[in-house]
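Q: Have a look at this one.
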């Protein structure tokens with residue numbers, strides 16, 4: 001029996017005078033990998049922050065494991081610690097979450113704030129650095145890391161807490177192809193591991209590998225939902241929401257034109 | 001203006017650390033209460049901003065470039081307490097990591113720039129801008145003046161700190177141990193560069209940024225303008241009233257070099273030395289209905305004239321080539337001081353209160 | 001200075017700062033004497049020696065401290081060239097300009113008359129200038145050594161031994177990290193403006209360009225601070241920060257601490273008049 005880890009009902013959120021979410025609703029079952037698809041500005045990043053209890057909805061409700069997430073609820077330290085350990089978020093811009101002087105300090109930050117014992121921290125940090133093959137970067141300051149390395153350090157700093165839920169905001173953005181591939185592999189590997197993954201993305205090429213279910217966003221609302229193959233076949237929907245990939249290209253026959261297409265050949 | 005190690009005696013350094021410490025303590029307490037967990041990211045990032053801005057070469061009128069400190073814009077956007085800490089943090093990193101400014105002199109630098117600079121800039125900005133609207137031109141002027149005057153205040157404090165060193169700290173043979181120049185040399189020498197370059201750079205940065213913020217992020221000016229109306233509405237500014245005063249002052253400033261043309265000295269403004277100089281004696285007689293001045297300097301004059309050796313003897317700071325330029329400078333500084341006092345008095349007596 | 005002088009000047013400043021940061025990281029990783037000591041020992045030792053240089057009233061003592069600094073530098077594989085250009089040259093020009101007039105202006109017994117110009121150099125003037133220059137150079141060398149031979153994050157954590165509050169240590173670490181990020185951003189902005197500007201700009205345009213660069217930086221600053229705050233909260237931060245205590249004092253470090261304190265103390269004692 002799958003429980004519902006997140007329930008979003010009719011949620012509204014505004015930044016100053018710009019409406020980011022306008023009555024969005026969705027449900028995320030536990031242990032499933034979900035993708036939030038939408039063009040930039042469609043509200044998916046905002047929703048992730050609401051799911052992580054960083055922003056709170058102006059109207060509507062966001063529930064985590066049945067419990068509504070409100071500012072008052074987070075005042076309770078034990079709830080807050082428990083939530084922060086169980087849910088991890090990866091921001092689009094890694095510079096924002098690499099604010100410690102060295103890689104080791106960065107990965108140790110979460111466990112330190114959650115008051116784990118020092119020996120435990122040292123062990124776990126060492127283990128995760130090894131697992132992600134960044135142990136050699138342990139004492140490096142963040143400004144001397146490449147884009148791919150920064151992403152891996154950011155992931156390490158989240159995974160060290162061993163969260164059950166992962167919220168990823170455009171994880172492959174601004175990465176070189178090799179790093180992108182590694183990232184997609186990692187999310188693929190989380191299938192059926194019991195981990196819930198919510199990925200916000202506009203990259204249709206990888207969505208079948210990283211998600212079992214999709215929600216399509218437009219103008220702050222969920223327009224459609226379905227399995228990746230269903231969504232990818234709905235060309236009209238994709239065009240409407242600006243997700244379509246269409247540019248001039250050359251066919252092997254020599255013909256040059258532009259039309260919606262996918263790049264896989266098998 | 002970043003004082004290195006070795007210019008100030010250990011006791012001066014200790015005294016200035018002791019003077020800065022209560023401000024650091026109070027700022028930290030207030031900010032922890034007000035910002036709570038937001039304190040750390042806000043201060044860190046703003047300190048980084050002011051550090052980087054200190055590295056900008058600001059283009060100034062006349063074709064020169066200068067460096068601003070950013071203390072006035074920090075006070076205007078964040079308020080004086082956060083500014084005190086943010087600038088102190090930037091100064092610490094400059095001193096320790098980049099070697100710009102001394103470690104023992106850090107207390108002095110923080111006191112002059114972070115503490116005095118922030119408080120002065122905030123006070124001047126608040127007083128001059130009053131309750132005018134966020135988008136009003138008056139705020140831009142207030143910011144420019146706040147920047148100019150606060151930097152010059154910091155420079156003056158540094159100059160005084162330098163100037164008193166030879167007074168108190170000499171070795172057995174009489175050689176000054178630390179900064180070697182007395183007040184009457186240190187003050188004009190320091191003030192020259194700040195009146196003309198550094199102060200202007202700070203004013204350009206502060207005024208320019210406030211104007212920029214008015215257009216793009218007016219909400220950032222809210223923190224120090226709690227009672228300001230949003231729109232650029234009625235002429236409740238009071239700005240038209242100040243304008244003629246400022247115009248008149250500017251004209252006076254430009255015209256002061258004409259004073260040099262008035263040959264000879266003003267009546268009554270003679271120094272004891274003049275009584276001994278035959279040429280001056282003839283002049284005095286000529287303007288005093290041909291009465292000969294006494295040959296012995298009056299005792300009272302002798303005693304009193306030694307008490308206050310004006311920092312700007314004969315209005316012209318040394319190291320200058322042009323007398324009229326020196327005149328103009330002294331006038332600007334004098335006017336600035338007078339403006340500051342006048343504005344302060346206005347606030348005290350007018351009964352108009354902004355909050356804070 | 002040309003119409004782009006202010007852009008060039010600023011860009012050069014950024015590059016120098018970035019180079020300095022890079023170089024100090026490289027030197028801190030070398031296998032030398034200072035690098036091997038506990039950062040707290042270095043911090044206390046350096047402060048003690050700088051204090052001794054500032055309090056001393058005897059030129060000979062200050063000179064000895066300077067020699068000690070150079071010796072420590074040599075043992076820590078810090079190249080002379082680095083010291084010369086990073087520290088000595090800058091301090092010498094700045095302080096030299098200030099100290100020069102003191103040679104002639106300080107009243108006292110005549111030492112020498114400058115040929116041609118005939119300016120009198122007094123003995124007291126010479127001593128004063130010597131005090132100023134030697135103190136500045138010694139203090140600057142010692143503090144530069146501390147920073148060149150220790151990773152910045154360790155310097156900060158060492159500050160806690162001086163009872164600096166944790167919140168300040170964390171702020172300093174974050175500030176340094178974001179300084180480097182912002183220098184990179186500012187440099188990009190300035191370089192792109194330089195490449196897009198053809199021909200001369202008038203004074204007003206130049207000022208507007210500089211101010212708008214500062215403005216963009218400021219708005220990015222506020223944005224960044226908000227985002228970093230969210231990222232900190234997402235990992236459990238609630239207002240109090242905790243740092244990992246990773247330094248261990250061993251016998252060797254105690255010996256060096258004692259040695260440095262003794263040297264500082266001896267210098268203070270020898271330097272009193």
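What follows is calculated from the coordinates using simple rules that are stated; it is not laboratory data. All of these numbers come straight from a predicted model, not from anything done at the bench. Methodologically, a virtual Cβ is constructed for each residue, glycine included, from the backbone with ideal geometry; neighbour enumeration extends over all protein chains shown.
Q: Which value, in nm² and rounded to one decimal, describes the direction-averaged projected area of the C-alpha convex hull of the range C:209-269? Don't skip to the answer; put the middle values down first.
A: Numbers: hull surface 37.9 nm².
One quarter of the hull surface, i.e. the mean projection, equals 9.5 nm².
Q: Report D for chain C in µm² per second (integer): Stokes-Einstein, Kirkwood Rh on Cα pairs, 25 °C, 0.890 mPa s.
A: On the way: Rh = 22.2 Å.
Once the numbers are plugged in, D ends up at 110 µm²/s.
Q: Considering every Cα-Cα pair within the range A:140-266, what fraction, in whole percent, is farther apart than 21 Å?
A: That fraction is 50 percent.
Q: Using 0.36 nm times the number of residues separating residue A:58 and residue A:249, minus their current alpha carbon distance, what extension gain do you get?
A: Between residue A:58 and residue A:249, full extension yields an extra 64.2 nm.
Q: Another one. For residue B:223 and residue C:26, FRET efficiency with R0 = 41 Å and r from the beta-carbon atoms, rounded to 0.05?
A: E between residue C:26 and residue B:223, to the nearest 0.05, is 0.50.
Q: Something else now. Taking the DSSP beta bridges in chain A as the whole, what percent of them are antiparallel, to the nearest 5?
A: Antiparallel: roughly 60 percent of the beta bridges in chain A.
Q: For the range C:140-216 and the range C:23-70, what is the centre-to-centre distance using only Cα atoms, to the nearest Å?
A: Taking the Cα centre of the range C:23-70 as reference, the centre of the range C:140-216 is 25 Å away.
Q: How big is the convex hull of the Cα atoms of the range A:1-145, per residue, in Å³?
A: 160 Å³
Q: Under 10 Å, Cα contacts only: if you run a Gaussian network model on chain C, which one of C:33, C:145, C:260 comes out with the highest mean-square fluctuation?
A: Fluctuation is largest for C:33.
Q: Another one. Neighbouring Cβ atoms within 10 Å as the yardstick, rank C:242, B:178 fewest first.
A: Starting with the residue having the fewest Cβ neighbours, the order is C:242, B:178.
Q: Now for a separate question. Extending each Cα 7 Å along its Cβ direction at residue A:219 and residue C:164, get the distance between those two points in nm, one decimal.
A: 5.4 nm
Q: Now for a different question. Taking the Cα centre of each part, how many Å lie between the range B:58-97 and the range A:198-227?
A: 46 Å
Q: Taking the beta-carbon count within 10 Å as an exposure proxy, list A:106, A:225 from fewest neighbours to most.
A: In order of increasing Cβ crowding within 10 Å: A:225, A:106.
Q: Could I ask something else about it? How do A:27, C:106 line up, fewest other C-beta atoms within 10 Å first?
A: So the residues, fewest neighbours to most, are A:27, C:106.
Q: So, in Å, what gap is there between the alpha-carbon centers of the range C:78-94 and the range A:1-77?
A: 57 Å
Q: Now for a separate question. Any idea what diffusion coefficient the range A:4-260 gets from Stokes-Einstein, in µm²/s, Kirkwood Rh on alpha carbon pairs, 20 °C, 1.002 mPa s?
A: In µm²/s, the coefficient rounds to 110.
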